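To start, the structure under review is shown below, and the notes come after it.
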Amino acid sequence: MRYISTRGRAPVLEFDDVLLAGLARDGGLYLPETWPQFDAADIRALRGLSYAELATRIIAPFVGDSIDEADLASILADSYRDFGHDAVAPLTQIDANLWVMELFHGPTLAFKDFAMQFLGRAFDHVLRRRGERVTIVGATSGDTGSAAFEACRYCDAIDTFFLFPHGRVSEVQRRQMTTVHSGNIHAVAVEGTFDDCQDLVKAMFNDTTFRDELHLSAANSINWARIMAQIVYYFHAAVSLGSPDRPISFSVPTGNFGNVYAGYAARAMGLPIGQFIVGSNVNDILPRFFDSGSLEMAGVTPTISPSMDIQVSSNFERFLFELYGRDGTVTGAAVTEFRETGRLSVGENLWQKAQETFSGHRMDDSETMAMIGDIKSSCGYLLDPHSAIAVAAARAKATDPATPVVALATAHPAKFPDAVNEASGISPALPLALADLHERPERMTVLPNDLARVEAFVRDHVSMAGAA
Ligand SMILES: *Cc1c(COP(=O)(O)O)cnc(C)c1O
């Protein structure tokens, strides 16, 4: 499988190079040149497979010759072995034709573990084979950083740095990052917003000297391998609920547009999907886009669903590329216009096309709290704020009562205990593996929102072996 950039000016690469590169050299994001196709018989043949077996079937065509299939199968088996539920991504029915897919049974209690556990192992596999090492730098709104730290703490060939907005992640999220003590793991609190962190990371990648000197690599959802690993659970859920013999819809709480884009990819591969419902908090640039055809940047407001406090959804570029008929020049120009002016209009036709697939729904914090309380009292099920937005969006925007809707529960309620407690009166307990989190010593560095300072910190803290 060959990969192309959304901006059309980067070298075409095989999977292992895309994995290590993250962002393309022209500033774009990599996508497969064509979507592997699964027809109805292929989808039926997925029934009854374990999660890791199903993952191997879905991922093998994307990986091509970069990782041989037996190695891929064992990497995937390892990735999901320690999840806290044997089903890995269990479905719980909470209403007529409404299911919750629990994506929070991984080591850091958020869906990011699905991609990251695979990504860390895939990096390690490829780097060991090549005798190379890399420096991963990323921005996190809370959950990606800890998932990457957990996945990379034992990978000697990788130094991992994550920037997060100082004071704007929950205490549990912060502790999950600052309590991973390993010489190759660095938690950096930036005095700014998540978008500032993301801009710093992009700037480091665009600084070619720095990028080459440190062998920079990305574990953010701009890394294609993250999206790829997330495609799996759309197939897994749909097959459990009767795919390919009926369509299934998905409601996805959305920030960087990576998770829902993985669903879009599943559809492009042949999975019959009805609607995609995009849930957001008051940082609602995406619902506003689907309502108007125009992307308009606004300020970021902190909410009780901090992993979605984002205005510049980096993976949206992948969707724009598809919308613009895979024309990299047009996509690059559109993204540049958006970055420069804070707005982008796709025109009537493309807006209609986007609306055929997606609809958006926005929830403020008090509506989110009300939904947590409502679901707790009506069916005894406890949602975290992000997952509550998915459930509410499903209820508000599902159009066909006969089509099952799967709402993605992206975090365990114990990851956001204050909001959950206020909404439901229940203090969700951390699973046993994390029970002593609040007693573990923390380690982090606070830095200003300043590229030179952040680059200096990274340079000073990579392992000496990295200066290859
Ligand atoms: C990252 C995250 C999201 C947003 O996912 P995207 O792929 O960025 O759209 C939603 N919920 C939780 C709990 C997250 O950690």
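The values are calculated or read from the model by the stated rules, or taken from the named source; none is laboratory data. As the structure is a prediction and not an experimental result, all values here were calculated from the model. Cβ atoms come from the backbone with ideal geometry, glycine included; neighbour counts cover every protein chain shown. In case anyone asks, the SASA skips ligands and DNA or RNA and just uses the protein heavy atoms, side chains included. Shrake-Rupley method; radii C 1.70, N 1.55, O 1.52, S 1.80 Å.
Name the residue, out of Pro32, Pro61, Pro90, Pro36, that is under 22 Å from Ser387 (Cβ atoms) and either among the polar types (S, T, N, Q) or touching a residue at least 12 places away in the same chain (Cβ under 8 Å) (or both).
Only one candidate qualifies: Pro90.
Cβ separations smaller than 8 Å between residues 6+ apart or across chains give no pair from region 377-394 residues that are free of Cβ contacts under 8 Å to residues at least 12 places away in the same chain to residues that are in a helix (DSSP H, G or I) and within 11 Å of the ligand (Cβ to nearest atom). So how many residues does region 1-41 have that are part of a loop (DSSP other than H, G, I, E, B), under 23 Å from the mean Cα position of the chain (by Cα) and among the acidic types (Asp, Glu)? Looking only at that region, the number is 2. Number of residues in region 164-173 that are within 10 Å of Lys415 (Cα to Cα) and either out of contact with any Pro (no Cβ under 9 Å at 6 or more places or on another chain) or open to solvent by 10 Å² or more (accessible area, probe 1.4 Å) (or both) equals 2.
Can you name the residue in region 102-118 that is of a type in the set (D, E, K, R) and crowded, with 24+ Cβ neighbours inside 10 Å and is also nearest to the chain's Cα centre (by Cα) among such residues?
Lys112
Where in region 42-152 are there helices (runs of 4 or more DSSP H), lying fully within it, with 2 or more residues that are within 16 Å of the ligand (Cβ to nearest atom), within 30 Å of Thr303 (Cβ to Cβ) and not aliphatic (A, V, I, L, M)?
112-130, 143-152
Of everything listed in (1) part of a helix (DSSP H, G or I); (2) within 16 Å of the ligand (Cβ to nearest atom), the single unmet condition for Phe235 is (2). Set side by side, the residues Val406, Val420 differ, and just one is surrounded by 14 or more Cβ atoms within 10 Å (Cβ to Cβ) and either within 23 Å of Glu322 (Cβ to Cβ) or modelled with pLDDT under 95 (or both), which is Val406. Only a single item in (1) more than 9 Å from the ligand (Cβ to nearest atom); (2) closer than 17 Å to Arg362 by Cα is not met by Met269, and it is number (2). One residue alone among Val391, Val405, Val346 is of a type in the set (A, V, I, L, M, F, W, C), more than 16 Å from the ligand (Cβ to nearest atom), out of contact with any Lys or Arg (no Cβ under 7 Å at 6 or more places or on another chain) and within 24 Å of Asp143 (Cβ to Cβ), and that residue is Val405.
Each residue in region 200-228 was checked for being away from the ligand (no atom under 16 Å from the Cβ), of a type outside the set (Lys, Arg) and out of contact with any Ser or Thr (no Cβ under 7 Å at 6 or more places or on another chain), and 11 pass. So, Thr336, is that one without any contact (Cβ under 8 Å) to a residue 12 or more places away in the chain and over 30 Å from Asp42 (Cβ atoms) or not? When the stated conditions are applied, Thr336 passes them.
Kindly list, by first and then second residue, each pair from a residue in region 238-254 that is touching a residue at least 60 places away in the same chain (Cβ under 8 Å) to a residue that is of a type in the set (Phe, Trp, Tyr) and more than 16 Å from the ligand (Cβ to nearest atom), limited to pairs with Cβ atoms under 8 Å and residues at least 6 apart or on different chains. Between residues of region 238-254 that are touching a residue at least 60 places away in the same chain (Cβ under 8 Å) and residues that are of a type in the set (Phe, Trp, Tyr) and more than 16 Å from the ligand (Cβ to nearest atom), the close pairs are Leu241/Trp99; Ser243/Phe235. Return yes or no: is Phe210 open to solvent by less than 20 Å² (accessible area, probe 1.4 Å), touching a residue at least 60 places away in the same chain (Cβ under 8 Å) and on the phi > 0 side of the Ramachandran plot? Criteria not met by Phe210. Is it the case that region 453-464 has a residue that's open to solvent by 30 Å² or more (accessible area, probe 1.4 Å) and within 25 Å of the chain's Cα centre (by Cα)? No: region 453-464 contains no residue that is open to solvent by 30 Å² or more (accessible area, probe 1.4 Å) and within 25 Å of the chain's Cα centre (by Cα). So which residues in region 356-381 are within 25 Å of Phe321 (Cα to Cα) and either surrounded by 14 or more Cβ atoms within 10 Å (Cβ to Cβ) or in contact with a Cys (Cβ under 9 Å, 6 or more places away or on another chain) (or both), if there are any at all? Thr357, Phe358, Ser359, Gly360, His361, Arg362 - these are the residues of region 356-381 that are within 25 Å of Phe321 (Cα to Cα) and either surrounded by 14 or more Cβ atoms within 10 Å (Cβ to Cβ) or in contact with a Cys (Cβ under 9 Å, 6 or more places away or on another chain) (or both). Taking the criterion of being out of contact with any Pro (no Cβ under 9 Å at 6 or more places or on another chain) and either within 18 Å of Val232 (Cβ to Cβ) or more than 8 Å from the ligand (Cβ to nearest atom) (or both), the residues of region 242-256 that qualify are Phe250, Ser251, Val252.
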